[in-house]
Amino acid sequence: MLAAVDQLTKGATAMMHQVALLRAENASLRKANEALSKRRRAKRIRVQLGGSLTLQDAMDLLGLGAVGGEGAQETQADGGGAGGVRTKVRCCGVCGKPGHNARTCQEAAEASDSAVSDVIIVGS
């Protein structure tokens, strides 16, 4: 009977030590999580503290200048991670100029109009 009580005491002591270790680990993880959450909140607050941005201010910060300038312009966003996000001014697939796409391209419309005028329809 005494051996059973000793074994029970030994098991309870081991569980108390394990609970103490788990509490310490839980406290350190909560502290690390709070620090990480604080850093994430700080990233959002930084833009908010500066007030609102106008479109022109944002373009100046990005270095794009006027909207729809000639040529393809690429910018690297500060996203961290693996290389960040690349954005590119979209250009027409037909003429290569920015500001419109291949569906609304005037040069493509002129080319298709001239091709239609070259077709001769033979009646039956």
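See the values below:
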{"quantity": "Extension gain (nm, one decimal) between ARG23 and THR54, 0.36 nm per residue minus Cα-Cα", "calculated": "6.2 nm"}
{"quantity": "Extreme residue, positive dipole direction of segment 6-46, given options THR9, VAL19, ALA42 (C-beta unit charges)", "calculated": "ALA42"}
{"quantity": "THR9 paired with ASN33, simple spin-label distance in nm, labels 7 Å along Cα-to-beta-carbon", "calculated": "3.8 nm"}
{"quantity": "Under 5 Å, built H, 5+ apart or other chain: amide partners of THR87", "calculated": "THR75, ALA77"}
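Since every read-out is calculated from the coordinates, none of them should be taken as a lab result. Note that the structure is a prediction, hence the values are computed from the model and not measured. So basically every Cβ, Gly included, is an ideal-geometry build from the backbone, and we count neighbours across all protein chains shown.
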